[in-house]
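Read through the structure below, which is laid out as structure tokens, and then see the notes.
A short reminder: the numbers here are calculations on the coordinates, not readings from a lab. For clarity, every value in this text was computed on a predicted model and none was experimentally measured. Backbone-built Cβ (ideal geometry, glycine too); neighbour counts: all protein chains shown.
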């Protein structure tokens with residue numbers, strides 16, 4: 001990842017001293033924020049197709065504990081993954097109100113199950129900093145952004161799913 005020195009304007013936007021910021025593709029201007037284990041995470045809006053409440057999923061035999069099963073998304077059967085497991089957190093029980101973020105990845109559509117979806121927010125120019133290399137999720141993050149409400153970890157959906165071998169999607173819209 002290429003880094004650049006942030007300006008005073010960038011420092012003001014990030015509410016802190018000038019620091020090295022991560023350079024993102026120009027397309028990442030908005031993010032979808034969500035909660036897991038008391039922390040706020042985000043995904044670039046460009047990879048998010050939709051957000052909906054959890055639906056019943058069919059369990060499939062699989063070696064990956066992150067794959068909860070397959071869900072039917074209007075005729076397209078896609079894998080449902082537990083974000084707690086993907087991030088090495090303690091798994092929580094899902095309720096009817098649990099949200100799923102339907103994302104496009106290099107492996108196809110996936111349903112990422114999270115605790116709570118917050119909002120779609122603008123990513124202030126220059127606020128994104130490279131994730132500290134000592135952070136256990138650094139290789140799966142696009143960076144870290146500091147907002148007035150706290151830190152937001154911006155995840156890279158393809159890097160997040162890299163260690164998981166996903167079952168093939170089936171249905172009328174399958175690739």
**Report entry** Tensor-based shape of the range 44-94 (alpha-carbon gyration tensor, a/c under 1.5 rounded, otherwise prolate or oblate)
**Finding:** oblate
Report task. Subtract the Cα-Cα distance of residue 53 and residue 151 from 0.36 nm times their separation in residues, and report this length gain in nm to one decimal. Result -> 32.7 nm
Query raised in the report: Any idea how far apart residue 106 and residue 45 come out in nm if each label point goes 7 Å out from Cα toward Cβ?
Result: 2.5 nm
Query raised in the report: Extension gain residue 97-residue 165, at 0.36 nm per residue separation less the Cα-Cα distance, in nm?
Result: 21.7 nm
Report summary line: Stretched fully, the stretch from residue 134 through residue 158 gains (0.36 nm per residue minus C-alpha distance, one decimal, in nm) 6.6 nm
Report task. Classify the range 109-159 as rounded, prolate or oblate, taking a ≥ b ≥ c as the square roots of the eigenvalues of its Cα gyration tensor: rounded when a/c is under 1.5, otherwise prolate if a/b is larger than b/c and oblate if not. Result -> oblate
